[in-house]
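The values are calculated or read from the model by the stated rules, or taken from the named source; none is laboratory data. Worth saying up front: this structure is predicted, and the values here are computed from it rather than measured. Methodologically, a virtual Cβ is constructed for each residue, glycine included, from the backbone with ideal geometry; neighbour enumeration extends over all protein chains shown. Surface areas here come from the heavy atoms of the whole protein model, side chains and all, with no ligands, DNA or RNA. Shrake-Rupley method; radii C 1.70, N 1.55, O 1.52, S 1.80 Å.
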Amino acid sequence: ISGRTDANRPRASAVSAAAFAAIGTPTCGVLPGLTWLFVVMPGDATLRIRSKDGVNAWWYAFFVLDHRYGIARAEVKDASGGAWVEARHQSYNAWVVENANDGFRPPLTIRLTDLHGQVVTLDGVVTSLAESTEFTTTQQFPPGKGGGEPLRLP
């Protein structure tokens, strides 16, 4: 089970039917009293960005890998130096941005905000709009925020 906090409000994510059946009664449709904690990613891995298949100059989608805390917001800026474009988070955990007017010109800079409001800017991290390409960084969210208090579904 996973969750995400937007403006400090918990939101449940979907689980598979088999996973739900393992922890509750599927016919009830809800698990009253369920609590969970966000867990800090262990280790010293740095952030990675992986482009989704199908990306192009007008539509860019990416996954953020090895993030220490949950990602609350992602924004993208291209080499033209224009404004930040906010990415939309998808149910399959990709972040999607569109630029129908001029298209994106690499390198792309990605700015990430975690659940604690910490911001990491990955300057020029995406050097190509080739699909399914992975880009490594030397950055990570600062440690020390912990997993937080238990969240409870209503």
* Asked: In Å and whole numbers, how far do the C-alpha atoms of segment 36-104 stretch along each principal axis, longest first?
  -> 42, 24, 19
* Asked: Dipole size in debye (nearest 20) for segment 75-135 around its Cα centre, Lys and Arg Cβ +1, Asp and Glu Cβ -1?
  -> 60
* To do: Ignoring everything but the protein chains, give the 1.4 Å probe accessible area of R48 in square angstrom, nearest 10.
  => 60
* Counting only heavy atoms of the protein chains, get the accessible area per residue of segment 34-75 (1.4 Å probe) and round it to a whole Å² value. => 46
* Structure fact -> If each part is reduced to its alpha-carbon centroid, segment 45-83 and segment 131-146 end up apart, in Å, by 11
* To do: Provide the solvent-accessible area of S132, counting protein heavy atoms only and rolling a 1.4 Å probe, rounded to the nearest 10 Å².
  => 80
* To do: Provide W95, W58 ordered by accessible surface of protein heavy atoms (probe 1.4 Å), highest first.
  => W58, W95
* To do: First compute the accessible area of segment 27-78 with a 1.4 Å probe, then give the percent of it belonging to carbon and sulfur atoms.
  => 58
* Using a 1.4 angstrom probe and counting only protein chains, how large is the accessible area of D44 in Å², to 10? -> 140
